[in-house]
Structure formats: C-alpha cells, structure tokens
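Below: the structure, in structure tokens.
A short reminder: the numbers here are calculations on the coordinates, not readings from a lab. As the structure is a prediction and not an experimental result, all values here were calculated from the model. Cβ placement follows ideal geometry from the backbone for every residue including glycine, while neighbour counts extend to all protein chains displayed.
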Amino acid sequence: MAAHSDGFHRRLYQVTPAALSGDTAQTSGMRRLEAISGRALGSDRLWMGQTHVAPGTASGDHHHGDSETGIYVVSGHPEFVFLDETGEEPVERRLRTGPGDYVYVPPWVPHREENPDPDEEAVVVIARTTQEAIVVNLPDLRWTGPAGAPGPDPEGRH
C-alpha cells in the first residue's frame, strides 16, 4: 500500500461534541452544527454535522443546491415536508420519522423540517456530498432548481 503524500491521509480525526461549530449556513427554526468539513478538517467531498429543531417549531423552506443530503434521526420525531409535483396537482407531503430512520434529500428539492412535539427537541445527523453546508432559503416549497437541472422525479421517488 502506497503512502499518501498529503498530511490529511496520514491520520484519523476525532470531533467531540464540544468542538462542533455553529458557524455554518442556517435556516430559521433550526440550528446546524458543523463537525466534518473542508473548513474544519480539510475534507475534500464531505460535510457532516448535526441539526437541532426545537420543540414545537419548523424550519424555513430551503434546499441544498446540487448537494445530496442523507439524514439519520437520533432523537425526537421530526417531520420532513416537501411538495410532491408528480401528479396533476402539487400536493404537500410529510414524512413522519423517529429514531433510527433515514431520509434522503435529492439535490435542489425544496423542503422543511418540523418538530411538532411540544416538549422534545429533534436531533438529526446530516451528511452532504459537498464539503460545505449549502443552504438556499426559499419563500415556499415550489421547485427552484437551475435551468437544465432535473426537475421533480416523474417516477415519484423523493
């Protein structure tokens, strides 16, 4: 096995909860904490962190540009809301989740996170295919992808 010439590939990195940074793109109603990124550790193609949604709150509508997002629910019962535009009329859909569930958010898909529980904070771990947390805040859930980007999936996969 050949040795890597850059310092990044010579060791592992540990990020403790105390080292998480809130200095990242934010959306109203939630708090993102950065753990692994290009800025924090020099990662090349990965951003990873936590999102906290306070009891009884909802985030603003947003998307993550050309980044795919994987979400793992740690605690609480967050709900993920998006506009399903695969039928004749757009319909607002809601994914109700709990600890242990995973959610996939494709690039450019407008959505929001909600925590309807009046007492318990919802905490999720997120991973993105870009090294930084792209967040584009929106006025609503309508499709806002760039010209030429694939629109809502006609197969209904979200």
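The table for this structure:
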{"read-out": "Any hit, the range 73-91, residues being charged (D, E, K, R), surrounded by fewer than 16 Cβ atoms within 10 Å (Cβ to Cβ) and free of Cβ contacts under 8 Å to residues at least 40 places away in the same chain", "value": "yes"}
{"read-out": "Unmet criterion (only one of (1) among the hydroxyl-bearing types (Ser, Thr, Tyr); (2) closer than 23 Å to Ile36 by Cα; (3) surrounded by 19 or more Cβ atoms within 10 Å (Cβ to Cβ)) for Tyr102", "value": "(3)"}
{"read-out": "Residues satisfying the stated conditions in the range 102-122, i.e. acidic (Asp, Glu) and in a strand (DSSP E or B)", "value": "Glu113, Glu114"}
{"read-out": "Among the residues listed as Arg39, Arg32, the single one being of a type outside the set (Gly, Ala, Ser), in a helix (DSSP H, G or I) and either in contact (Cβ under 8 Å) with a residue 60 or more places away in the chain or buried (at least 16 other Cβ atoms within 10 Å of the Cβ) (or both)", "value": "Arg39"}
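Conditions tested, residue by residue: (1) part of a strand (DSSP E or B); (2) surrounded by 14 or more Cβ atoms within 10 Å (Cβ to Cβ).
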position	(1), (2)
His52	yes, yes
Pro55	no, no
Arg94	yes, no
Val124	yes, yes
